[in-house]
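Novice: Sending over a structure as structure tokens; questions will come in a sec.
The values are calculated or read from the model by the stated rules, or taken from the named source; none is laboratory data. Since the model is a prediction, treat every value here as computed from it, not as a measurement. So basically every Cβ, Gly included, is an ideal-geometry build from the backbone, and we count neighbours across all protein chains shown.
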């Protein structure tokens, strides 16, 4: 796909662009998932009526992640109350009724898949008074109770910038808290729903650290939406200013022709450069590549190494120190 620079108005808002359509480059071509581990886990999940984001989002890394003990589960239903232009999740003003059995189902899924590392994410639920925070926290607690050795990352909503729901979620003590910046500040709208915001995400990530200093945080940026290099660097600096520990970069791919268009296919060598720049800025780990997604096994492996270091330097009897405090 040819590069097309996104124009901007005097107010700095991105204008629509119409990219030139060309075939995907070789580095974005993937084979369908397979292998005995993937097939067996998929069959067992279907038998129990369980599902994962890995499958529903057609993640290109699903076979690698499942084979390495990592998966992502979606909570709070399958209907989002927001409508980001890059996302294929169905939307409505009201989300689905919460499933009281979901915490137990999530814990069962983690046990069934023998996960070393699980990512729990959710749709946005602006229709709920707490944004779904209490239900999310119950799922975290259930997963940990049944799978005490599994590290839990949560990719959370922004809870409309309110501190109360965030505090409720943090009380369940997830190991890593993530909220995706998604794109650079200039392109935040129209890429993200108007109720989401660049500064709102940064504020949330910084607030996690203020409420729970030792909690590890993570964010992600999609490339190929028309961003400039200086804007990517500014976003990285803004994330580091809020103490964010981990960062991922991946190629944006439009789910359908109705979604935000791809402006450019970013070559692998540029992703390598962003990884090097991120590490130089002080991120503990940067996963960067065309097929990298916010939940990615290589990243989870590196995050696990951080916890191993914490365990070695902490008292053997203090799990709170090893899993979260400082």
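Novice: Go through 144, 195, 125 for me and flag whichever is within 17 Å of the chain's Cα centre (by Cα) and either over 23 Å from residue 220 (Cβ atoms) or not in a helix (DSSP H, G or I) (or both). Please lay out each step first, then the result.
Specialist: Working: 144 fails: within 17 Å of the chain's Cα centre (by Cα); 195 fails: within 17 Å of the chain's Cα centre (by Cα).
When all the criteria are applied, what remains is 125.
Novice: Looking at residue 150, is it surrounded by 22 or more Cβ atoms within 10 Å (Cβ to Cβ), in contact (Cβ under 8 Å) with a residue 40 or more places away in the chain and farther than 28 Å from residue 187 by Cα?
Specialist: Numbers: surrounded by 22 or more Cβ atoms within 10 Å (Cβ to Cβ): no; in contact (Cβ under 8 Å) with a residue 40 or more places away in the chain: yes; farther than 28 Å from residue 187 by Cα: yes.
Answer is no for this residue.
Novice: Ok, one more. For residue 115, are the conditions met, namely being at pLDDT 80 or above and in a loop (DSSP other than H, G, I, E, B)? Let's see the steps before the verdict.
Specialist: Details: at pLDDT 80 or above: yes; in a loop (DSSP other than H, G, I, E, B): yes.
Yes; evaluated as a whole, the condition is true for this residue.
Novice: State all residues of segment 157-172 that are at pLDDT below 95 and either closer than 20 Å to residue 106 by Cα or not in a helix (DSSP H, G or I) (or both); if no residue qualifies, say none.
Specialist: Hits for segment 157-172 are 157, 158, 162.
Novice: Could you figure out which of (1) farther than 30 Å from residue 24 by Cα; (2) buried (at least 23 other Cβ atoms within 10 Å of the Cβ) isn't true of residue 170?
Specialist: The failed condition is (2).
Novice: I've got another one for you. Let me confirm something: among 237, 260, 251, which residue is at negative phi, modelled with pLDDT under 95 and either touching a strand residue (DSSP E or B) at 6+ places or on another chain (Cβ under 7 Å) or surrounded by fewer than 17 Cβ atoms within 10 Å (Cβ to Cβ) (or both)? Give the steps one after another, and end with the answer.
Specialist: Details: 237 fails: modelled with pLDDT under 95; 260 fails: either touching a strand residue (DSSP E or B) at 6+ places or on another chain (Cβ under 7 Å) or surrounded by fewer than 17 Cβ atoms within 10 Å (Cβ to Cβ) (or both).
Unique residue meeting the criteria: 251.
Novice: Within segment 287-311, track down each residue that is out of contact with any strand residue (DSSP E or B) (no Cβ under 8 Å at 6 or more places or on another chain) and modelled with pLDDT of 80 or more.
Specialist: If the condition is that a residue be out of contact with any strand residue (DSSP E or B) (no Cβ under 8 Å at 6 or more places or on another chain) and modelled with pLDDT of 80 or more, then 305, 308, 309, 310 are the ones that fit.
Novice: As an exercise: evaluate residue 110 against (1) touching a strand residue (DSSP E or B) at 6+ places or on another chain (Cβ under 6 Å); (2) at pLDDT 95 or above; (3) assigned to a helix (DSSP H, G or I) and give the number of the one condition it does not meet.
Specialist: For residue 110, the failing item is (2).
Novice: Suppose the filter is in contact with a strand residue (DSSP E or B) (Cβ under 7 Å, 6 or more places away or on another chain), surrounded by fewer than 20 Cβ atoms within 10 Å (Cβ to Cβ), touching a residue at least 60 places away in the same chain (Cβ under 8 Å) and within 29 Å of residue 202 (Cβ to Cβ); does residue 88 pass it? Spell out how you get there, then give the answer.
Specialist: Working: in contact with a strand residue (DSSP E or B) (Cβ under 7 Å, 6 or more places away or on another chain): no; surrounded by fewer than 20 Cβ atoms within 10 Å (Cβ to Cβ): yes; touching a residue at least 60 places away in the same chain (Cβ under 8 Å): yes; within 29 Å of residue 202 (Cβ to Cβ): yes.
Judged against the criteria, residue 88 is not a match.
Novice: Can you tell me which residues in segment 181-192 are part of a helix (DSSP H, G or I), under 15 Å from residue 233 (Cβ atoms) and touching a strand residue (DSSP E or B) at 6+ places or on another chain (Cβ under 7 Å)? Before the answer, list the steps.
Specialist: Let us first name the residues in segment 181-192 that are part of a helix (DSSP H, G or I), namely 185-191.
Pick out the ones that are also under 15 Å from residue 233 (Cβ atoms) and you get 185-187.
Listed by number, the residues that qualify are 186, 187.
Novice: Return only the number of the condition from (1) surrounded by fewer than 19 Cβ atoms within 10 Å (Cβ to Cβ); (2) at pLDDT below 90; (3) in contact with a helix residue (DSSP H, G or I) (Cβ under 8 Å, 6 or more places away or on another chain) that residue 122 does not satisfy.
Specialist: That leaves (1) as the condition not met.
Novice: Right, here's the next one. If a residue must be assigned to a loop (DSSP other than H, G, I, E, B) and either free of Cβ contacts under 8 Å to residues at least 40 places away in the same chain or within 26 Å of residue 307 (Cβ to Cβ) (or both), how many such residues does segment 129-141 contain?
Specialist: First, the residues of segment 129-141 that are assigned to a loop (DSSP other than H, G, I, E, B): 129-132.
If we keep only those that are either free of Cβ contacts under 8 Å to residues at least 40 places away in the same chain or within 26 Å of residue 307 (Cβ to Cβ) (or both) too, we end up with 129-131.
Going through segment 129-141 one residue at a time, the tally reaches 3.
Novice: Residue 266 fails exactly one of the following numbered conditions: (1) in contact with a strand residue (DSSP E or B) (Cβ under 6 Å, 6 or more places away or on another chain); (2) farther than 30 Å from residue 165 by Cβ; (3) part of a helix (DSSP H, G or I). What is the number of that condition?
Specialist: (3)
Novice: Would you tally the residues in segment 277-286 being in a helix (DSSP H, G or I), in contact with a strand residue (DSSP E or B) (Cβ under 8 Å, 6 or more places away or on another chain) and either surrounded by fewer than 16 Cβ atoms within 10 Å (Cβ to Cβ) or at pLDDT below 95 (or both)?
Specialist: Taking segment 277-286 as the starting set, the residues that turn out to be in a helix (DSSP H, G or I) are 277-281.
Applying the additional criterion that residues be in contact with a strand residue (DSSP E or B) (Cβ under 8 Å, 6 or more places away or on another chain) yields 278-279.
Still in the list and also either surrounded by fewer than 16 Cβ atoms within 10 Å (Cβ to Cβ) or at pLDDT below 95 (or both): 279.
Matching residues across segment 277-286 total 1.
Novice: Could you list, in sequence order, the residues of segment 208-238 that are closer than 19 Å to residue 86 by Cβ and not in a strand (DSSP E or B)? Spell out the reasoning first.
Specialist: From segment 208-238, those closer than 19 Å to residue 86 by Cβ are 218-228, 231-232, 235; that's our starting set.
If the condition is that a residue be closer than 19 Å to residue 86 by Cβ and not in a strand (DSSP E or B), then 224, 225, 226, 227, 228, 231, 232, 235 are the ones that fit.
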